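The values are calculated or read from the model by the stated rules, or taken from the named source; none is laboratory data. Please read all numbers here as calculations on a predicted model, not as lab measurements. Cβ sites come from the backbone with ideal geometry, for glycine too, and all protein chains shown count toward neighbours.
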Number of protein chains: 2
Amino acid sequence: MIKTVIIGSGNVAQHLITAFRESGNVHLVQVLARHPKTLEQQFPDLDIITDAASLAEADVYVIAVSDNAIGAVSSQLPLNNKLVVHTSGTTSLAVLDPKNRRGVFYPLQTFTKGKRLAYHHIPFCLETEHESDYAILHELAHSVSESVYRISEDQRKALHVAAVFVCNFTNHLYQIGHDLCEEHQVPFAILQPLIAETADKIQTLTPQQAQTGPALRGDTETLNRHLAALTDATQKEVYQLLTKSIIDHGKKL
Amino acid sequence: MIKTVIIGSGNVAQHLITAFRESGNVHLVQVLARHPKTLEQQFPDLDIITDAASLAEADVYVIAVSDNAIGAVSSQLPLNNKLVVHTSGTTSLAVLDPKNRRGVFYPLQTFTKGKRLAYHHIPFCLETEHESDYAILHELAHSVSESVYRISEDQRKALHVAAVFVCNFTNHLYQIGHDLCEEHQVPFAILQPLIAETADKIQTLTPQQAQTGPALRGDTETLNRHLAALTDATQKEVYQLLTKSIIDHGKKL
């Protein structure tokens, strides 16, 4: 059993608590939280502390707080030479206080409060300051998930940008679809099977194999009709730029 | 049993053939195809004809050919006062030859050659010239799918634009994610669970509830770091515009 402490009480912390407790190989010793209320309600049998002075002995300390608090939180821990990791996709390992052995434990997924996830499919992107710590961090991740990767800082930051494209921006395209449905009084439910299938295709095809549509076909007649049908200036701009990007991408092949 | 003839041999035609044959309520009498080879291999027991003169009697004739061929194909059919429909999201019903009773039978889904689909979840968007024909077209669609909608031409065209956003453009964002992975030598598989979960969220949450990320949070520090990390000019442009679009959308709420 890997003795683990989580520091934080937000969305990622809550999901890690659930994942660690479901795993047979992790002993979640404590959670340190400044605002313990939500956690106490959600996990009544958890040992939640609010004072870092009461921190217990553990193999790994996982800081799951907002990116800009990681440095300060790590400095306030009364620990020395312990394995202390953060869970951020964009933050350097170097932001952690060097009094401890530092690492990164980044689960690449979009976490929704209260929505269950198949934790064993979540990719964990790991980095450690000391090679000798990698095995323990790998064991912790592997206790939760089948999908564990050694990822450098540069790679992790690139993955974080990529995640913005395939998650945040994709969801915004769903939003535009939703807005168009509202504008024309058709239920958004009509688009849901298409959204599901578009994502499903990418589990077996490359994006290049899966690409379809008027931009790829160079069907300017449809493109012009679509542009004329859009009434919102930003939607028009997005339509034009993504069309151009698809066409340019095709030329590079 | 609704006696049905399909005209066409492409992707949509092939999927409709499968869907109609799996349904207990559709009698697929014939398929008219100029290039019958692929169909003959895929459906050896199908009655495939190449000459419109041999067209059999049916309740509905479904033209599943490319958008710009619909008009000409419909004129060449030696039929009069029959229910003839096309399957296009962007084409007006009026493109069909007026010698027949016209309609639209638009399955809103992305069809991949050879990839099985749950046809009973595909939304069918229906329109008929004559009110009295709606019931038969509804019965045909309902023989395949639980999800049947009466959709006007304007609504259908809006749905087609919306489909470009949530399918074609979304897949292009997957492509950008894929390109970033290649550039930084990480496997695209790391992004696949995120892609799946992003689409899955939208089956129960609205896009607004599901939206996350630095643009929504107004986290300019992360936005600037992401922009600095992107080396491709078009990727930068897409990042900036979609970020602006998310921010502007938030202001409208």
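Can you tell me which residues in region A:185-229 are more than 32 Å from the chain's Cα centre (by Cα), surrounded by fewer than 20 Cβ atoms within 10 Å (Cβ to Cβ) and in a helix (DSSP H, G or I)? Matches in region A:185-229: A:217, A:220, A:221, A:223, A:224, A:225, A:227, A:228, A:229.
The rows are residues; the columns are (1) at the interface with chain B (Cβ under 7 Å from one of its Cβ atoms); (2) among the small types (Gly, Ala, Ser); (3) part of a helix (DSSP H, G or I); (4) under 25 Å from residue B:106 (Cα atoms).
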{"position": "A:116", "(1), (2), (3), (4)": "no, no, no, no"}
{"position": "A:141", "(1), (2), (3), (4)": "no, yes, yes, no"}
{"position": "A:157", "(1), (2), (3), (4)": "yes, no, yes, no"}
{"position": "A:165", "(1), (2), (3), (4)": "yes, no, yes, no"}
{"position": "A:178", "(1), (2), (3), (4)": "yes, no, yes, yes"}
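Out of region B:230-253, which residues are over 17 Å from residue A:236 (Cα atoms), hydrophobic (A, V, I, L, M, F, W, C) and surrounded by 14 or more Cβ atoms within 10 Å (Cβ to Cβ)? Of everything in region B:230-253, just one residue is over 17 Å from residue A:236 (Cα atoms), hydrophobic (A, V, I, L, M, F, W, C) and surrounded by 14 or more Cβ atoms within 10 Å (Cβ to Cβ), namely B:230. Scanning region A:144-154 for residues that are crowded, with 19+ Cβ neighbours inside 10 Å and either part of a helix (DSSP H, G or I) or more than 7 Å from chain B (Cβ to nearest Cβ) (or both) yields A:144, A:145, A:147, A:148.
Residues in region A:217-227: is at least one at the interface with chain B (Cβ under 7 Å from one of its Cβ atoms) and of a type in the set (A, V, I, L, M, F, W, C)? No - not one qualifying residue is present in region A:217-227.
Just for region B:229-253: of the residues that are closer than 14 Å to residue B:213 by Cα and of a type in the set (A, V, I, L, M), which one is farthest from the other protein chains (Cβ to nearest Cβ)? If we take residues in region B:229-253 being closer than 14 Å to residue B:213 by Cα and of a type in the set (A, V, I, L, M), then B:247 is farthest from the other protein chains (Cβ to nearest Cβ).
Count of region B:17-70 residues, restricted to those that are within 14 Å of chain A (Cβ to nearest Cβ) and more than 22 Å from the chain's Cα centre (by Cα), is 0. The test for being modelled with pLDDT of 95 or more, among the aliphatic types (A, V, I, L, M) and in a strand (DSSP E or B) holds for residue A:104. Filtering region A:214-248 to residues that are touching a residue at least 40 places away in the same chain (Cβ under 8 Å) and among the charged types (D, E, K, R) leaves only A:232.
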